[in-house]
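Here's the structure we're looking at; comments come further down.
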Amino acid sequence: MAVPKRKTGRSKTHSRRSANDKIACPPRSVCPQCGEVKLPHRVCSNCGFYKNREVLETE
């Protein structure tokens, strides 16, 4: 079995891990009614529409 000759440094370990442990930003979609950016499969907080019908009454 292969054995490393020297200890891997902390900065090398952290830089390698940081390339794979990124937090992905949440997906975004555009509301077809008002054009506001919203989360997919959620009611639009700006106009209150979901799937081309009004779910929430907004002012």
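What follows is calculated from the coordinates using simple rules that are stated; it is not laboratory data. Nothing here was measured: the structure is a model prediction, and the numbers come from that model. Here Cβ is always computed from backbone atoms with ideal geometry, including for glycine, and neighbour counts include all displayed protein chains.
Side notes on the structure shown:
- Selected from Arg17, Arg42, Arg28 as most flexible by GNM, with the chain as the system and alpha-carbon contacts under 10 Å: Arg17
- Residue of Ser11, Ser45, Ser29 that the Gaussian network model of the chain assigns the largest fluctuation, springs spanning Cα pairs under 10 Å: Ser11
- Taking the chain, the Cys residues with no second Cys beta-carbon under 4.7 angstrom are Cys25.
- Read-out semi-axes √(5λ) of the Cα gyration tensor in Å, derived from the coordinates shown; its label in [x] 16, 12, 11; [y] 50, 10, 8; [z] 22, 11, 10: [y]
- Computed over the chain: relative contact order in percent, which uses C-alpha pairs under 8 Å that are six or more apart: 17 percent
- Signed unit charges on C-beta, dipole axis of the chain, positive-most listed residue His41, Thr13, Pro26: Thr13
- Residue-wise HN-Hα couplings along the range 10-15, as the Karplus relation 6.51 cos²θ - 1.76 cosθ + 1.60 with θ = phi - 60° gives them from phi, are 5, 5, 5, 5, 5, 5 Hz; Gly and Pro carry x.
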